[in-house]
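The values are calculated or read from the model by the stated rules, or taken from the named source; none is laboratory data. Predicted model only: the values in this text are computed from it and were never measured. In this analysis, Cβ positions are derived from the backbone assuming ideal geometry, glycine residues included, and neighbour counts consider all displayed protein chains.
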Amino acid sequence: MAMENKKLLKGKTCLITGASGDIGRSVALLFATEGGRVIGTYHKNAEKARSLENLARKMSLDVNIKSLDVANEAEVINFFNELNEKEKRLDVLVNVAGHSDRRVWFAKPEELTAKEWIEVFNTDLIGMFNCCKEAAKIMFRKKIKGSIVNFASAAGVTGHVEGFPYTAAKAGVIAVTKSLAYYFGPKVRINAVAPGNIDAGSIRWYDERAKELLANEASLRRLGSTDEVAKVVLFLASDMSSFVTGQTILVDGGI
């Protein structure tokens, strides 16, 4: 008799920030499909958040959505304090939430203000860091060997002709992830994924010709999908990567 496939996240509570976004949505659904009890967060897009929750319900998946602005330190602390009181455990944190502003992305260096740099850093780097430390507190307190996955970007490795604050923040995510791995180990593993040109989010700000050029930057000559990113996140979140920490995995099709 064939053995039943074991669900990779069965019995685990997983928090995914930015779950209402394209990639966050794919991560949330995959994690729930793999047996995880998923708590997803959103900040501005309540409609997409409700859509995700409704879809999960129809699929008989355990996904609950809550509001959280990761750029607000006090709100992050309160959120995790409440999570600690209400949940028996927290096994996985995935930091997907990110700053999204088309004008800032396409702004030339001379057009960017300090305020805009700070806004991006507050979400993409400082917000990520605050979620990491608050999640780790719960994992340490409950003696859980948890896993944290941060979202960096291929642009944080290679640089990019656009999105200057974003690129700098994502380079910071890679450095902070490596540093926290030393500090959290051996109790909590922490890694990052660095997506390249994925057919989601800011890529949809480009016209078809620009998308074609972006696709051809990759060795695989195409854009990636959100599901392909989610599968790498699942690997890092699950016990399949039990001897992996402090790493950044590029999911970029070979740029």
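Ile203 fails exactly one of the following numbered conditions: (1) in contact with a His (Cβ under 8 Å, 6 or more places away or on another chain); (2) β-branched (Val, Ile, Thr); (3) at pLDDT below 95. What is the number of that condition?
The number of the failed condition is (1).
Does Val120 count as closer than 30 Å to Asp207 by Cα, assigned to a helix (DSSP H, G or I) and in contact (Cβ under 8 Å) with a residue 60 or more places away in the chain? Steps first, please.
On the way: closer than 30 Å to Asp207 by Cα: yes; assigned to a helix (DSSP H, G or I): yes; in contact (Cβ under 8 Å) with a residue 60 or more places away in the chain: no.
No.
Check whether at least one residue in the stretch 39-48 is touching an Asp or Glu at 6+ places or on another chain (Cβ under 6 Å), farther than 26 Å from Ser202 by Cα and at pLDDT 95 or above, and report yes or no.
Here is the first cut: in the stretch 39-48, the residues touching an Asp or Glu at 6+ places or on another chain (Cβ under 6 Å) are 43.
Next cut, farther than 26 Å from Ser202 by Cα only: none.
No, the stretch 39-48 contains no residue that is touching an Asp or Glu at 6+ places or on another chain (Cβ under 6 Å), farther than 26 Å from Ser202 by Cα and at pLDDT 95 or above.
Within the stretch 213-224, does at least one residue satisfy the condition of being under 30 Å from Val188 (Cα atoms) and polar (S, T, N, Q)? Spell out how you get there, then give the answer.
Of all residues in the stretch 213-224, those under 30 Å from Val188 (Cα atoms) come to 224.
Those left that are additionally polar (S, T, N, Q): none.
No, the conditions are met nowhere in the stretch 213-224.
When you scan the stretch 173-182, do you find a residue that is at pLDDT below 95, surrounded by fewer than 18 Cβ atoms within 10 Å (Cβ to Cβ) and among the aromatic types (Phe, Trp, Tyr), even just one? Quick ask: steps written out before the conclusion?
Taking the stretch 173-182 as the starting set, the residues that turn out to be at pLDDT below 95 are none.
No, the stretch 173-182 contains no residue that is at pLDDT below 95, surrounded by fewer than 18 Cβ atoms within 10 Å (Cβ to Cβ) and among the aromatic types (Phe, Trp, Tyr).
Tell me which of these Asn197 doesn't satisfy, since it passes every other one: (1) of a type in the set (S, T, N, Q); (2) modelled with pLDDT of 95 or more; (3) farther than 18 Å from Leu9 by Cβ; (4) in contact with a helix residue (DSSP H, G or I) (Cβ under 6 Å, 6 or more places away or on another chain).
(2)
Could you check the stretch 49-77 and list, in sequence order, the residues that are among the charged types (D, E, K, R) and either part of a strand (DSSP E or B) or out of contact with any Asp or Glu (no Cβ under 7 Å at 6 or more places or on another chain) (or both)? Working first, answer last.
So in the stretch 49-77, the residues among the charged types (D, E, K, R) come out as 50, 53, 57-58, 62, 66, 69, 73, 75.
Arg50, Glu53, Arg57, Lys58, Asp62, Lys66, Glu73 - these are the residues of the stretch 49-77 that are among the charged types (D, E, K, R) and either part of a strand (DSSP E or B) or out of contact with any Asp or Glu (no Cβ under 7 Å at 6 or more places or on another chain) (or both).
Can you tell me which residue within the stretch 87-144, out of those that are within 24 Å of Ala194 (Cβ to Cβ) and hydroxyl-bearing (Ser, Thr, Tyr), is surrounded by the fewest Cβ atoms within 10 Å (Cβ to Cβ)?
The qualifying residue surrounded by the fewest Cβ atoms within 10 Å (Cβ to Cβ) is Ser100.
If the Cβ limit is 7 Å and pairs must be 6+ apart or interchain, which residue in the stretch 191-206 that is without any contact (Cβ under 8 Å) to a residue 24 or more places away in the chain pairs with which residue that is of a type in the set (D, E, K, R)?
Ile203/Lys211
Using the structure shown, decide if Ala19 is at pLDDT 95 or above, within 14 Å of the chain's Cα centre (by Cα) and in a loop (DSSP other than H, G, I, E, B). Please lay out each step first, then the result.
Details: at pLDDT 95 or above: yes; within 14 Å of the chain's Cα centre (by Cα): yes; in a loop (DSSP other than H, G, I, E, B): yes.
For Ala19, the condition - at pLDDT 95 or above, within 14 Å of the chain's Cα centre (by Cα) and in a loop (DSSP other than H, G, I, E, B) - is met.
Please find, among Phe140, Phe129, the residue that is of a type in the set (Phe, Trp, Tyr), under 14 Å from the mean Cα position of the chain (by Cα) and assigned to a helix (DSSP H, G or I). Walk me through it before giving the result.
Values: Phe140 fails: under 14 Å from the mean Cα position of the chain (by Cα).
Every option except Phe129 fails the conditions.
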